[in-house]
Amino acid sequence: MNPRALGALLFLLGCGPAVIQPGPEPHPPTMPALPVAPPPDGRRATPSELALVKRLMTETERLRGLTFRHPVDVTIEGKATMRAYVDRTIDSEILERARVRYLSLGAIPAELDVRKLLVEVMEDELVGYYDPKEKRLAVRSDIARALDDDGPRSFAWRATVVHELVHALQDQYFDLATKIEQVRTTDADDAFGAMVEGDATLVMLGYTAEANGESLRSVVEQPDRILAALTRPADQLTRALREAPPLLREPLLFRYREGAHFCARVLRAQGWARVDAAQRNPPTSTRMIRHPGEFLRGERDFAVALPAFAHGPWEQRDEDVLGALELTVWLELDAAQAARVIEDWRGDRYQILADGDRLASFWLIELASKATARAVANGLSRLGDATRRVQLDERRVWVARGLAPDVFGGAIDHVRHAHTPRAAGDPLATSAGEH
């Protein structure tokens with residue numbers, strides 16, 4: 001479940017204990033402005049809190065190589081206010097569309113209250129956020145009281161503020177507010193989230209590294225360390241996140257962990273200017289996030305298109321791309337198996353079908369090798385849903401849920417013989433077999 005609204009929310013990543021070492025100030029940052037009206041149960045930041053944010057802005061500018069163009073409003077909010085923020089940020093229409101998609105695939109149980117689950121997960125994790133619409137940095141009130149202490153938890157919270165200040169820079173330079181609202185496939189949304197959160201997480205890691213006597217450059221030179229540092233065992237996750245379905249939990253973790261790894265690889269290869277370019281034109285698949293070299297070489301991303309579905313009473317209601325990441329999460333593959341599937345993924349696309357109140361789905365997945373296609377087909381067959389049908393065809397895997405065998409077979413034949421021309425300007429509209 002990846003509603004666009006989640007892109008602006010903070011997911012706190014643990015940082016090791018350290019003492020911050022003040023760095024040089026190449027240019028003074030803009031002093032954060034006071035908000036015109038703080039939200040309910042919120043207040044304006046005090047002068048001392050603003051001074052601390054100013055120092056963190058200096059650190060963020062130096063590490064990220066960008067200078068704040070505009071003031072950033074700062075508010076201090078209680079936990080209840082932050083919960084309300086999470087709740088109102090999740091767009092009901094987008095959330096329902098995502099719920100129907102996953103329900104039609106059989107990926108989530110019908111009784112799952114997705115909104116309640118998202119609010120619980122983010123409530124446990126959220127200690128601050130940057131709102132690109134309101135141009136406002138919010139810090140939780142209990143955190144704000146301890147930000148200027150010398151303890152390791154206070155340092156971790158300051159690192160979190162640095163993370164959110166990077167989002168403010170992204171908004172000022174790359175129009176984050178507009179980009180968050182763009183309609184994307186699930187896969188492209190996961191990739192976009194990884195680009196945004198990975199950039200901020202990398203800077204946060206650089207801030208932490210300097211406190212430990214290292215540098216952002218040393219982090220970037222060993223990018224695989226990032227994956228290890230940001231991989232937390234289950235017992236270190238909050239209860240809500242630990243108990244969340246993998247299809248919610250893992251894409252969220254991916255945005256920070258693999259996103260930071262991707263940005264580190266791009267920064268090491270071509271500098272911040274290339275990261276900036278990637279912010280303007282981000283990767284459109286999670287496979288590309290896992291393969292930064294292909295992205296840097298400008299290789300084309302994979303895409304699959306399906307002709308409009310029209311079989312008997314069924315009508316097409318929606319379509320989407322699940323992507324390599326969420327496919328491997330759903331199949332519960334181990335790390336080696338998941339890496340192989342992501343490597344061999346050559347696109348997928350599914351359609352949500354409706355006959356009155358009945359829902360069904362028709363899905364095509366393309367892989368680079370017959371062996372991987374067979375493994376994916378076997379994995380889908382083992383999911384144990386009596387209404388799901390899986391057919392292996394060389395490197396293609398056809399999947400249907402809720403369709404009679406003759407309708408499923410007719411749909412496959414229709415796709416095999418249909419010519420689906422590439423639509424100008426639509427990167428997803430390639431023929432189902434054209435790679």
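Values as computed for the structure displayed
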item: For the chain, the spread of Cα positions along each principal axis, largest first, Å; result: 70, 44, 42
item: Relative contact order of segment 221-304, defined on C-alpha pairs under 8 angstrom at six or more residues apart (%); result: 27 percent
item: Accessible area of the chain divided out per residue, in Å², using a probe of 1.4 angstrom; result: 41 Å²
item: FRET efficiency estimate (nearest 0.05) - Cβ-Cβ, Glu181 to Arg374, R0 51 angstrom; result: 0.80
item: Sparse-neighbour loop sites [GluC sites (Glu not before Pro); segment 50-141; at most 11 other C-beta within 10 Å; DSSP]; result: Glu111
item: FRET efficiency, 1/(1 + (r/R0)^6) with R0 25 Å, evaluated for Asp334 and Ala386 via beta carbons; result: 0.40
item: Solvent accessible area, Å² - Glu332, 1.4 Å probe, full protein context; result: 150 Å²
item: For segment 347-413 versus segment 272-301, the gap between their alpha-carbon centres in whole angstrom; result: 29 Å
item: Whole-percent carbon and sulfur share, accessible surface of the chain, 1.4 Å; result: 50 percent
item: Helix-only mean residue ellipticity at 222 nm for the chain, each DSSP H run of n ≥ 4 adding -39500 (n - 2.57), per residue, nearest 500; result: -16000 deg cm²/dmol
item: Trp363, Trp272, reordered so the largest accessible area comes first (probe 1.4 Å); result: Trp272, Trp363
item: Solvent-accessible surface (1.4 angstrom probe) belonging to Trp157, in square angstrom, nearest 10; result: 40 Å²
item: Shape of segment 370-419, Cα gyration tensor, a/c cut at 1.5; result: oblate
item: Shape category assigned to segment 111-240 from the gyration tensor of Cα positions, a/c cut at 1.5; result: rounded
item: Percent antiparallel among DSSP beta bridges (both partners in segment 33-161, rounded to 5); result: 60 percent
item: Mean separation of Cα contacts under 8 Å (6+ apart) over length of the chain, as relative contact order %; result: 15 percent
item: Area of His414 that stays accessible when all protein chains are in place (1.4 Å probe, Å², to 10); result: 90 Å²
item: Cα gyration tensor shape for segment 221-271, rounded if a/c is under 1.5, else prolate or oblate; result: prolate
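The values are calculated or read from the model by the stated rules, or taken from the named source; none is laboratory data. These numbers come from a predicted model, not from an experiment. Neighbour counts are summed over all protein chains in view; Cβ atoms, including those assigned to glycine, are modelled from backbone coordinates with ideal geometry. Remember, those area values only see protein heavy atoms, side chains included, never the ligands or the DNA or RNA. Shrake-Rupley method; radii C 1.70, N 1.55, O 1.52, S 1.80 Å.
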